[in-house]
Amino acid sequence: MIEMMNVSKKYPNGITAVNNISIQINDGEFIYVVGPSGAGKSTFIKMMYREEKATTGRIIVGKFDLMKIKERNVPYLRRHVGVVFQDFKLLPRLTVFENIAYAMEVIGAKPKEINKRVNEVLDLVGLKHRMRMFPNELSGGEQQRVAIARAIVNTPEVLIADEPTGNLDPDTSLEIMHILEKINQRGTTVVMATHNSSIVNQMKHRVVAIENGRIVRDQQEGDYGYED
């Protein structure tokens, strides 16, 4: 479960990106985070994996208190929270298999376990036939599928997706969404920041709208609610 209580984030330049937000996200939910550019969406989700630290309030993610967690323990949090970015962030000199395996190697997993689990997630995202290729040999959609596989290879309880379809065409975006839904159906909580109105309106989930750093709408099976 993710819980934020009276959370605010003020940057050193004086800008308040998140202003007194309180929200509860239950295990296994799928949440869209929507709102205009500059509304505070990115800060909101970055606080969930401690890329940004809140200025005030309380944030609980599973067993972790993110206001009290020591910096040396943030990597342990990241084992429980996978992150997918708009620009993939793959390592260019590693193959598809190696990019995904790296996420397990850094936590000390054994080679036999790595091989088994990487093959499982490659199967899930439909890329077993591409495992020996390098990122520059893949399409954008394939690169994003590798990024998703890497984010879930350590079986996190939460998957944070920051504009995961932002650089993709509509058909590829739908393919990515079907993978995210499949992951969610297996029990992983998914929190996805997006500007993709057609996906939000077509593939219904809870919608949390943020404007000027505040939650202005929290709606089950909601619509996007903004003009493109």
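The values are calculated or read from the model by the stated rules, or taken from the named source; none is laboratory data. From a predicted model like this one, the values you see are computed outputs, not experimental measurements. So basically every Cβ, Gly included, is an ideal-geometry build from the backbone, and we count neighbours across all protein chains shown.
When each of 97, 88 is tested for being touching a Pro at 6+ places or on another chain (Cβ under 8 Å) and either closer than 23 Å to residue 184 by Cα or surrounded by 13 or more Cβ atoms within 10 Å (Cβ to Cβ) (or both), the lone residue that passes is 88.
Condition (residue is closer than 16 Å to residue 145 by Cβ and touching an Asp or Glu at 6+ places or on another chain (Cβ under 8 Å)) applied to the stretch 102-115: is it met by at least one residue? Checked against the condition, which is being closer than 16 Å to residue 145 by Cβ and touching an Asp or Glu at 6+ places or on another chain (Cβ under 8 Å), the stretch 102-115 yields no hits at all.
Every residue, every condition in (1) under 23 Å from residue 180 (Cβ atoms); (2) part of a loop (DSSP other than H, G, I, E, B); (3) of a type in the set (Lys, Arg), yes or no:
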| position | (1), (2), (3) |
| --- | --- |
| 46 | yes, no, yes |
| 60 | no, no, no |
| 77 | yes, no, no |
| 87 | yes, yes, no |
| 93 | no, yes, yes |
| 109 | no, yes, no |
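Scanning the stretch 184-228 for residues that are under 16 Å from the mean Cα position of the chain (by Cα), buried (at least 18 other Cβ atoms within 10 Å of the Cβ) and over 18 Å from residue 159 (Cβ atoms) returns no hits.
Taking (1) of a type in the set (Gly, Ala, Ser); (2) in a helix (DSSP H, G or I); (3) at pLDDT below 95 in turn, residue 147 satisfies each apart from (3). The C-beta contact set for the stretch 103-119 (first residue over 17 Å from residue 82 (Cα atoms), second residue assigned to a helix (DSSP H, G or I) and of a type in the set (Ser, Thr, Tyr), distance under 7 angstrom, 6+ apart or interchain) is empty.
Before we move on, is residue 21 part of a strand (DSSP E or B), surrounded by 14 or more Cβ atoms within 10 Å (Cβ to Cβ) and out of contact with any Phe, Trp or Tyr (no Cβ under 6 Å at 6 or more places or on another chain)? Judged against the criteria, residue 21 is a match. Here residue 69 does not fit the description of being in contact with a Lys or Arg (Cβ under 8 Å, 6 or more places away or on another chain), buried (at least 18 other Cβ atoms within 10 Å of the Cβ) and among the β-branched types (Val, Ile, Thr).
Here the stretch 133-183 is the region considered, the condition is being among the acidic types (Asp, Glu) and over 23 Å from residue 2 (Cβ atoms), and the residue that is surrounded by the fewest Cβ atoms within 10 Å (Cβ to Cβ) is 171.
Residue by residue through the stretch 200-226, note down the ones that are assigned to a helix (DSSP H, G or I) and touching a residue at least 40 places away in the same chain (Cβ under 8 Å). Once the filter is applied, which keeps residues that are assigned to a helix (DSSP H, G or I) and touching a residue at least 40 places away in the same chain (Cβ under 8 Å), the stretch 200-226 yields only 200.
For the stretch 148-161, indicate whether the set of residues that are charged (D, E, K, R) and under 30 Å from residue 44 (Cβ atoms) is non-empty. Before you say what the answer is, go through the steps one by one.
Step one: filter the stretch 148-161 for residues charged (D, E, K, R), giving 150, 157.
Okay, now just the ones that are also under 30 Å from residue 44 (Cβ atoms), so 150, 157.
Yes, the stretch 148-161 has at least one match.
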